[in-house]
Amino acid sequence: MPVPFLDLKAQYASIKAEIDAAIAGVVESCQFIGGGTVRRFEQNFAAYSGAAHGVGSCSGTSALHLALLGAGVKRGNHVITACNTFIATTEAITHAGARPVLVDVDESSQLIDPERVEAAIDAKTTAIIPVHLYGQPADMDAIRDIARRHGLKVVADAAQSHGSDIDGDRRKTLGDTTAFSFYPGKNLGAYGDAGMVATDDTDAATLMRALADHGSREKYHHMYEGWNYRLDAIQAAILDVKLSHLGDWTKRRRAHAARYDRAFNGTPVKPIACAPGRTHVYHLYVVRVRDRERTIAHLKEKGIGTGIHYPIPLHLQPAYAYLGYGRGAFPTAEKVVSEILSLPMYAEMADAMIDEVAAATIAAA
Ligand SMILES: Cc1ncc(COP(=O)(O)O)c(C=O)c1O
C-alpha cells in the first residue's frame, strides 16, 4: 500500500463543502484585505491558543519577525535559539537587525536545552526563541525562569505546534510573543502562505499590527516604516473553517503517534521522546534509525514517503559561516542529524497505513 508523506487532498476532500463556501463568501464580499473575516479568525485562533490578541500575517516567517519586534528586539541585540530549527527562525532574528546565537539541544527530545541557553547569555542578549520542534513544546518553565532572572523576553516559535499544551494548559506554551505558521502542510494549514503572532501584551499587539501594515494604524498615516505582512481574507476564511476541525485532527495525530510508538517499542527504531506533562501535537513523527539511507530506500521502494527535518543544522549552513561556529560546536545536534527520519503523519491516515509504515521501517532499520 503506497503511503504518501502528506496528503492534503484527503483533508480537502473531507471538508470540501465548508471550504468552498468559505472561499466563495470572501470572493462575493470582495473584502480581500483586512475586514471582518480576518479579525474573526485572529480572535478565534488567539482564543484557541489562550492568548488575548492575535495579529495575522502573511507567513510564519513574517510572524516571527513581527514577534521579535513586538518583544522589543533591536539592532545589535543577541537572540538565542536552537541550532536544529528551520532557517526561518534565525532569518527573523537577522531581519530584526539582531544576531542569532545558537545552542545545542537535548538528545532525547531534540528541543532547546535550557542549561545551554543560560550559558549562552551575554551583555547583548535580549531574547530567547524556544522552538516547539515537531509539535512538542520546549521546556517553557525553565526558559521563562531564565528569562525572568536575566531580564530577557521569550519569543516562542510555535510554527509546528498549534494546540499543544503543557500540563493541560496551552498558555504555558506561549512566550511574551508567539509566532505560528499556517504553511499548507502545517497542522493548521492555509491554501498558500499565512501566519499569526499571539500575545497578551496589548501594546505589542498594537505595534505588530501597525508594522504588518506599513507602520500605519490609519490609512496613509505612517508612524514608522513597516512591511506589507498582512493576512489575506481568503486564507483567514479557510483557516477559520479548519480551526473547527483542529481538535479532532490533533486527536487523530496523537492516536497515530501512539500506534507508531507501540509498534517501535523494543525495536532498533527509536522515536524522539516526549517529555512528561507536554502534549505533543505531532506535526512531524520523527524516529532515529541506524542506517537512514537504507531505510529511506526501502520505504521508497514500497511507495512510502519520508522527510528529514532538518538535514543540516544551522551552524553548518553556508549562510551562517559568518557566525564562526564550525563542525563540533553542537555535538548532540550533529550526532542525531544523521539518524533522524520523519515518517508519514496526518489525521486522515488509516491504522493499516501506520502498521504498513512501521513494519517497513522496522524491516530496514
Ligand atoms: C520551526 C519553523 N519556524 C518557522 C517557520 C516559518 O513558517 P513559514 O513557512 O510559514 O514562513 C516554519 C515553517 O516553515 C517552521 O517549521
Q: Take F86 and decide whether it is aromatic (F, W, Y) and either more than 18 Å from A198 (Cα to Cα) or touching a Phe, Trp or Tyr at 6+ places or on another chain (Cβ under 8 Å) (or both).
A: yes
Q) Only one residue in T178, T202 is polar (S, T, N, Q) and within 16 Å of the ligand (Cβ to nearest atom). Which one? A) T178
Q: Look through T173, T177 and report the one residue that is touching a Pro at 6+ places or on another chain (Cβ under 6 Å), of a type in the set (S, T, N, Q) and either buried (at least 18 other Cβ atoms within 10 Å of the Cβ) or over 25 Å from E118 (Cβ atoms) (or both).
A: T173
Q.
Given the condition within 26 Å of F41 (Cα to Cα), within 12 Å of the ligand (Cβ to nearest atom) and of a type in the set (S, T, Y), answer yes or no: does some residue in the stretch 68-86 qualify?
A. no
Q) In this structure, is A96 out of contact with any helix residue (DSSP H, G or I) (no Cβ under 8 Å at 6 or more places or on another chain), over 23 Å from V287 (Cα atoms) and either free of Cβ contacts under 8 Å to residues at least 60 places away in the same chain or away from the ligand (no atom under 15 Å from the Cβ) (or both)? A) no
Q: Could you tell me whether D165 is away from the ligand (no atom under 16 Å from the Cβ), closer than 30 Å to G326 by Cβ and crowded, with 19+ Cβ neighbours inside 10 Å?
A: no
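What helices (runs of 4 or more DSSP H) lie completely within the stretch 59-143 and have 1 or more residues being of a type in the set (D, E, K, R) and closer than 27 Å to G185 by Cα?
Result: 87-95.
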Q: Among the numbered conditions (1) crowded, with 20+ Cβ neighbours inside 10 Å; (2) part of a loop (DSSP other than H, G, I, E, B), tell me where T361 comes up short.
A: (2)
Q: Could you check the stretch 144-255 for strands (runs of 3 or more DSSP E) lying wholly inside it with 3 or more residues that are of a type in the set (S, T, Y) and in contact (Cβ under 8 Å) with a residue 24 or more places away in the chain?
A: 177-181
Q: Please state which one of Q31, Q43 is polar (S, T, N, Q), more than 12 Å from the ligand (Cβ to nearest atom) and assigned to a helix (DSSP H, G or I).
A: Q43
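Out of all the residues in the stretch 58-67, which are more than 9 Å from the ligand (Cβ to nearest atom) and closer than 15 Å to H132 by Cβ?
The answer is A67, and nothing else.
Here, each number is a calculation from the coordinates, and none is a lab measurement. Please read these numbers as outputs of a predicted model, since none were measured by experiment. Neighbour counts are summed over all protein chains in view; Cβ atoms, including those assigned to glycine, are modelled from backbone coordinates with ideal geometry.
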